[in-house]
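The block underneath contains the structure these notes are about, expressed in structure tokens.
The values are calculated or read from the model by the stated rules, or taken from the named source; none is laboratory data. In this text the structure is predicted, and so the values were computed from the model without any measurement. Neighbour counts are summed over all protein chains in view; Cβ atoms, including those assigned to glycine, are modelled from backbone coordinates with ideal geometry. To get the accessible areas, we keep the full protein, side chains included, count just its heavy atoms, and leave off ligands, DNA and RNA. Shrake-Rupley method; radii C 1.70, N 1.55, O 1.52, S 1.80 Å.
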Amino acid sequence: MISLKSILLASCAAVLVSSAAWAADPIRIGVIAEAQAVAGSSIAPAAQLAAEEINAKGGVDGRKIEIVVYDNHSSSAESVRAFQRAVSEDKVNAVIASYISEVVLALEPWAGRLKTLMITPGAASDVITQNIAKNYDQLKYTFHGYLTSTSLAGLVCDAAKDLLVEPYKMKTAVIMSEDAAWTTPLDAGYEKCLPEIGLKVVDHIRMSPDTTDFTPIFNKIEALKPDVMITGISHVGTQPTVQWKSQQVPIPMFGISSQATNSTFWKDTNGAVEGVFYNAVSGPGVAVTPKTLPFVEAYQKKFGNFPSYAGYTSYDDVYMIADAIHRAGGTDPDKMVDAMEATDYVGTIGRIAFKPKSDPNPHALRTGKGYITGLMLQWQSGKQVNVWPKELAAGTTSWPSFIKLKAASN
Amino acid sequence: MLFWQILIDGFAISALYALGATGFTLIFGVSGVLNLSHGAIMVGAAVAAWAAASELGVGPYTGALIGILAGFILAFATYFIAVRPIQRSKVIAESEKEIFILTATLLWGIIIQEAIAYLFTNNAKTVLPIVEGVTTVFGVRTPKNEYFTAAICWVAIGLLWFLVNRTRRGKAVMAASMNPRGVTLLGIELSSIYLTVWAIYGLLAGVAGILLGMFLGVSSYSVGPLTASAFSIVVLGGLGSVSGSLIAAYVVGYLETGTAYLISPAYRTIPALLLLVVVMYLRPQGLFGRR
């Protein structure tokens, strides 16, 4: 029989061995995210998963990575308090923060004041990186780990050209977006690129994120008879999707619909999302890089659901920060910034590199061929099917019964 | 065409508002309780109906019944956890009880809201519609479920009217709202009247919650706006006046729908709020207030 004494001795030995293995100070990464929001709830678990994988392989130069999580309840004020606490009390070396642009914009000056590297896994406003261009020395600690709104608009236009304009000869579009920080540059991007691909913008509807009844909006859009609705929605999602279906609005929804990226959206909308297109950086079953599917599998095994888009980026962010610390030879913030600027890393969403100091959007992700191209997925029979770009497509476009389209060749 | 659109959409949304506000005003009229957890109870009922149908696959009818049951349970929980202990407290002065109940129901509502957000995330959920498809009336294509929603709201309000005006128990409730002391002198237990009212309230809030979930969808974020909307309607109609609330619901519903169609959906709620401010100035007791 094992005696209590031997258990105690064994426990002490285990503690000694494990502490010897992590003799050096741990690297602490703060994660400030919104635990209750579908998009935000993947951020901390994905970061945790990356840290565990890195630690299992010996950490960064013998240093263990520790993730310290703060729930910000989607509030900018709570995020600022969390950031201050993370730096001054919990002594974090870097912060991964939020998918909400308003939150990241509130934290950006604090990253500068407290000289702490910060990367956002999901906010999209171009203003985040435009601010860095205006005041580089002060704000260089912020990195944009997700696509800017302008880049997103460009990718949506690229996909619309291949999926709508060429096969169906579509000619007109209405932009429908929510009134938020991230959609101002998005809409400007749409206004510019849609006419370039041959889609005339017949109207531009910006609605409050508090909108609950979309009936008047859809009726107005329908009266304009556009070929397609180009969306920019993230805070809203379920209601416009459900009402689009229940009212049987005969116009396709195509563009950005952040909530639709999540695998639970089918259930949230009782299947009303059938036929909706959405832009994303990754998706179920899409092997964007050799790292994508193993990550999704590991995430699902550990947490029982699929990561949101901010989960993929958050996972990559931990690896990039670890890599930057390794190359910087430690956690000196200025050296970490220099190392991050030199990032060339293949993550789950593609090849990641940041735009240089000289760019109007410094520290934004490089996009386009060779870097991140994005995907266009469509909900089909309860599944998210990638339909663009061709080389990564798992299926072709399909339309709900209330949308009648004729292919140009017919 | 636009006229019919406003008329039909406005009618459906106003019926929903009316049903949502009726329970709220009934509770205030009878027991003087301003229940600030009202929105949370409606959202709780809708989310329960959604979860039952989506997670357990029980179908729209059973899902709706489970939602109504959840509204019922939440209403009773509100009464027994947040209201009754304060009403019966010997420590809290009578004059302060109203503000204590106000605070308690507000906090209880926040607890329900947070619990919903943690258990089901704050993404909006939609309740499986009982009637599918669309129909065209006067050239306006409308989901059949919108007509169904309006019909159920009026059936529920009609039943409430019948209960209050034609049944013995209902008459006792009515009497208690006018003179609580008089009712006790007749030998009727006031606490049993309160239980009846909270039961009716639970059913009304449950039905309103699931219809709202079918029509517009709800999330934990809807809790505050729903309570505020019910509050504005009953203040506009006159606190405690059920018929006042019904009329106010239609005034607000049509004002909002008209604004959304004729001006912009972005300004939808503003004219109704301005009207509320004007009424508060000119007629603080509301349009049909009793005091």
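A few notes on this one:
- Some residue of segment B:33-43 being out of contact with any strand residue (DSSP E or B) (no Cβ under 7 Å at 6 or more places or on another chain), buried (at least 24 other Cβ atoms within 10 Å of the Cβ) and within 23 Å of residue B:265 (Cα to Cα): yes
- Residues in segment A:195-222 that are among the hydrophobic types (A, V, I, L, M, F, W, C) and within 7 Å of chain B (Cβ to nearest Cβ): A:207, A:217.
- Counted residues, segment A:331-370 - those being part of a loop (DSSP other than H, G, I, E, B) and touching a helix residue (DSSP H, G or I) at 6+ places or on another chain (Cβ under 8 Å): 15
- Filtered residue count, segment A:137-194, keeping only those that are within 27 Å of residue A:107 (Cβ to Cβ), more than 14 Å from chain B (Cβ to nearest Cβ) and of a type in the set (Asp, Glu): 2
- Residue in segment A:39-54 that is surrounded by 24 or more Cβ atoms within 10 Å (Cβ to Cβ) and assigned to a loop (DSSP other than H, G, I, E, B) present: yes
- The residue that is farthest from the chain's Cα centre (by Cα), counting only those in segment A:223-240 that are within 14 Å of another protein chain (Cβ to nearest Cβ) and polar (S, T, N, Q), is A:239.
- Applying the condition of being open to solvent by 20 Å² or more (accessible area, probe 1.4 Å) and assigned to a helix (DSSP H, G or I) to segment A:262-279 and asking which residue is farthest from the other protein chains (Cβ to nearest Cβ) yields A:266.
- So residue B:188, is it more than 14 Å from chain A (Cβ to nearest Cβ) and outside any helix (DSSP H, G or I): yes
- Verdict on residue B:261 being open to solvent by 40 Å² or more (accessible area, probe 1.4 Å) and of a type in the set (Ser, Thr, Tyr): no
- Odd one out for residue A:384, checked against (1) open to solvent by less than 10 Å² (accessible area, probe 1.4 Å); (2) touching a Gly at 6+ places or on another chain (Cβ under 9 Å): (1)
- Residue count, segment A:64-99 (criterion: charged (D, E, K, R) and more than 20 Å from residue B:110 (Cβ to Cβ)): 6
- Residue in segment B:119-133 that is open to solvent by less than 40 Å² (accessible area, probe 1.4 Å), of a type outside the set (Phe, Trp, Tyr), in contact with a helix residue (DSSP H, G or I) (Cβ under 7 Å, 6 or more places away or on another chain) and farther than 16 Å from residue B:51 by Cα present: yes
- Yes/no for residue B:239 being in a loop (DSSP other than H, G, I, E, B) and either more than 11 Å from every other protein chain (Cβ to nearest Cβ) or out of contact with any strand residue (DSSP E or B) (no Cβ under 7 Å at 6 or more places or on another chain) (or both): yes
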